[in-house]
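Data block below; observations after.
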Amino acid sequence: MPEGYLPLFVFLIVALLFPVVLLWAAALVRPSTPGQVKHEAYECGIEAASNARGRYTVRFYIISILFVIFDVETVFLFPWAVRYRQLGWFGIGEIGVFLLILVAGYIWAWQKRALEWV
Amino acid sequence: MNFFIVSLIKTGLVAFALLTTLAYLQWIERKVLAHIQLRPGPYRVGPHGLLQPLADVIKLVTKEGILPPQAHTFFYLLAPILAVSVALTAIVVIPFGPEVTVFGVTTNMGLADLNIGILFILAISSLGVYGVALGGWASNSKYPLLGGLRSSAQMISYELPLALALAAPLLIMNTLNFREITVLQGGYWLGFIPKWNIFAGPFPQIFSFIIFLIASFAETNRVPFDLPEAESELVGGFHTEYSSMGFASFFMAEYANILTVCCVGTVLFLGGWQPLWPAAYGSDFAPVVILFGSAAILFFHGANALKSRLWDRFSFPVFGVVFLILGALFLVPVLKPVVVPLFWFLSKSLFLVFVFIWIRGTLPRFRYDQLMRFAWTFLFPVAVVNLLVTSFLVAITSN
């Protein structure tokens, strides 16, 4: 029913326009007295030694990889949950095998200390 | 054509109500926190600080907005817009009440009645990460970068238990449509225990509800998981370099997210607009009693105002009259089918909002390693086990 999505698009347009108009209106009203000190990156008053385009810890990368793997799992669980009563015991068996494989991967990741934040 | 006009009117109403609520959520939060800490909170601007949100908006609009020259201009400006738009759009699929007929027009009390409601909410709430991560990265400053990274890692980690906790009640409900989910939770066991999902058989979803609440605290970056804006270590977190309306946008997005999460929790676990006890025992008159009672309390305190708070002598009776009018609305037969479900839905949602603020006033902040370990080595396995137990019990009882 494409008609049902109409309010969604109307509201999406409203929601997109609202912050744009707000930011634009604020830019019209507010004072603007730029200066060297105001434009520096905030580092508690100390002069910035370098910019922020450096390297950061690989932990964030590992977490996002793990997220992708397990998020795919939850995506597969939703259709199963919605058709659960029709699938019956067959559905339980299938999802049991599926979860078993994923839990094995989860335990392996835990053993490899990928879940620990050092 | 008729559908189009009704949709436009509903969009206008919801947008107005949503933005007003967002402005006043901040007032409510400050007031509740203040009373938890035994201080009056906002008190100067208007009676009991009721005009404080307006004053804050004027202050934020007239503040100087700084565009840092080292920042990536496009993404720096895109981030707050993305955060707010995404957070506001999520409210579209929430049903505030059943299908009603007002003045000859039959319509759903909700904007869009989608058959993929929960998937839509999950998709939209995942997009919220972009606003935070982009804002932190585009500022090209160290505190926002760290705040943005922390925040995105935290939000994606807690997304897993959140999605698993949402999947468990679906096993009982077998639909993704929010309106159908609420309708299925109608009725009572033994005549008085509501058939909401947190009480539902065969396996009460109370554990799913708790996992959902904990995960949504992390998703919305609230205490005790407000690491992205831990002011003692990261100044302001991802919005350190934002000022004026950019800063206000991130705040608005945060409150909109809280509101959405509370509405989703209400629909999925607390029975949406279904009343707490049957209409046969007079649940339709509960709002009237509560509002008239509040009016009576206000009149009493207005008449017996302290000498040091003489202003209350005028403001309290005015509030009392407002409450009387609101209560009288629930007695009008034409409006009754609209306002009574709305009352139950809003009271449950706002109670959850109150829980959010209550937790903020009670718990200290986690350390970052504790936060990540809690998500991956406790909450995630518990959510999986909860899902499996639910599925087994549903299978046993339905065959």
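Restricting to DSSP loop positions (anything but H, G, I, E, B) with no more than 10 other Cβ atoms inside 10 Å of their own Cβ, which GluC sites (Glu not before Pro) remain in region A:35-115?
Sites meeting the loop and neighbour criteria: A:GLU47.
Which residue, B:ASN108, B:ASN174, B:ASN257, tops the fluctuation ranking in a GNM of chain B built on C-alpha contacts under 10 Å?
Sorting by GNM fluctuation, first place goes to B:ASN174.
Could you list B:LEU22, B:LEU270, B:LEU127 so that the one with the fewest beta carbons within 10 Å of its beta carbon is first and the one with the most is last?
Lowest count first: B:LEU127, B:LEU22, B:LEU270.
Determine, from the Cβ-Cβ distance of B:LEU13 and B:LEU54 and an R0 of 25 Å, the FRET efficiency 1/(1 + (r/R0)^6), rounded to the nearest 0.05.
Using R0 = 25 Å, I get an efficiency of 0.75.
To the nearest Å, what is the center-to-center distance of region A:93-118 and region A:35-64, using C-alpha atoms only?
Answer, in whole Å: 35.
Set the bar at 20 Å for Cα to Cα. Now go through A:LYS38/B:LYS142; B:LYS10/B:LYS59; A:LYS112/B:LYS142 and name every pair that lies beyond it.
Check vs 20 Å cut-off fails for B:LYS10/B:LYS59; A:LYS112/B:LYS142.
With a ≥ b ≥ c taken as the square roots of the eigenvalues of the C-alpha gyration tensor of chain B, please select rounded if a/c is under 1.5 and otherwise prolate if a/b is larger than b/c or oblate if it is not?
oblate
Mind running the shape call on the protein assembly as shown? Use the C-alpha gyration tensor, a ≥ b ≥ c as the square roots of the eigenvalues: rounded below 1.5 for a/c, prolate if a/b tops b/c, oblate otherwise.
It is oblate, given that a/c is not under 1.5 and a/b is not larger than b/c.
Using only Cα atoms, locate the centre of region B:243-315 and the centre of region B:70-97, then give the distance between them in Å, rounded to an integer.
Spelled out, the Cα-based centre of one part sits 26 Å from the other.
If Lys and Arg each add +1 and Asp and Glu each add -1, what is the summed charge of the other residues whose beta carbon sits under 14 Å from the beta carbon of B:PHE3?
-2
I'd like the FRET efficiency for A:ALA49 and B:LEU78, computed as 1/(1 + (r/R0)^6) with the beta carbon distance as r and R0 of 35 Å, rounded to 0.05.
0.80
Using a ≥ b ≥ c from the Cα gyration tensor of chain A (square roots of the eigenvalues), is it rounded, prolate or oblate, where a/c under 1.5 gives rounded and otherwise the larger of a/b and b/c decides, a/b for prolate?
oblate
Report ³J(HN,Hα) in whole Hz for each residue of region B:274-281, in order, from the Karplus equation J = 6.51 cos²θ - 1.76 cosθ + 1.60 where θ = phi - 60°; Gly and Pro get x.
3J(HN,Hα) across region B:274-281, in whole Hz: 5, x, 5, 9, x, 5, 4, 9.
How big is the charge dipole of region A:56-118 about its Cα centre, in debye rounded to the nearest 20, if each Lys and Arg gets +1 on its Cβ and each Asp and Glu gets -1 on its Cβ?
The calculation lands at about 40 debye.
Which of B:ILE172, A:ILE46 comes first, and how do the rest follow, when ranked by fewest Cβ neighbours within 10 Å?
A:ILE46, B:ILE172
In the Gaussian network model of chain B, springs joining C-alpha atoms below 10 Å, which of B:SER126, B:SER152, B:SER308 carries the largest mean-square fluctuation?
Per the Cα network of chain B with a 10 Å cutoff, B:SER308 tops the list.
Considering only B:ARG30, B:ARG309, B:ARG365, give the residue with the highest GNM mean-square fluctuation for chain B, with springs between Cα atoms whenever their separation is below 10 Å.
Fluctuation is largest for B:ARG309.
Ignoring everything except DSSP H segments at least 4 long, calculate the 222 nm mean residue ellipticity for the protein assembly as shown; use -39,500 (n - 2.57) per segment, divide by total residues, nearest 500.
-22000 deg cm²/dmol
Using modelled backbone amide H atoms (1.01 Å from N, in-plane), which distant-in-sequence or interchain residues come within less than 5 Å of B:ASN140's amide H?
B:HIS72
Counting other beta carbons within 10 Å of each residue's own, what order do B:VAL84, A:VAL20, A:VAL97 fall into, fewest first?
A:VAL97, A:VAL20, B:VAL84
Around B:ASP226, which amide H atoms from residues at least 5 apart in sequence, or from another chain, sit under 5 Å from its own amide H, with H modelled in the peptide plane?
It is B:PHE366, by chain and number.
Mind checking which aspartates and glutamates have their Cα closer than 17 Å to the Cα of B:LYS63? Skip sequence neighbours fewer than 8 apart in that chain.
List returned: B:GLU241.
Amide H to amide H under 5 Å from B:GLY97: which residues, 5+ apart in sequence or cross-chain, H placed 1.01 Å off N in plane?
B:MET109
Where in chain B are the DSSP H helices whose C-alpha atoms run 20 Å or more along the long axis and whose mean Kyte hydropathy is at least 0.0?
Span-like helices in chain B: B:2-36, B:73-89, B:117-138, B:142-173, B:244-269, B:286-303, B:312-329, B:336-362, B:380-398.
Every read-out reported here was derived from the displayed coordinates using simple, explicitly stated rules and does not represent laboratory data. Owing to the predicted nature of the structure, the values given are computational and were not obtained by experimental measurement. No Cβ is skipped: glycine too gets one built from the backbone with ideal geometry, and neighbour counts run over all protein chains shown.
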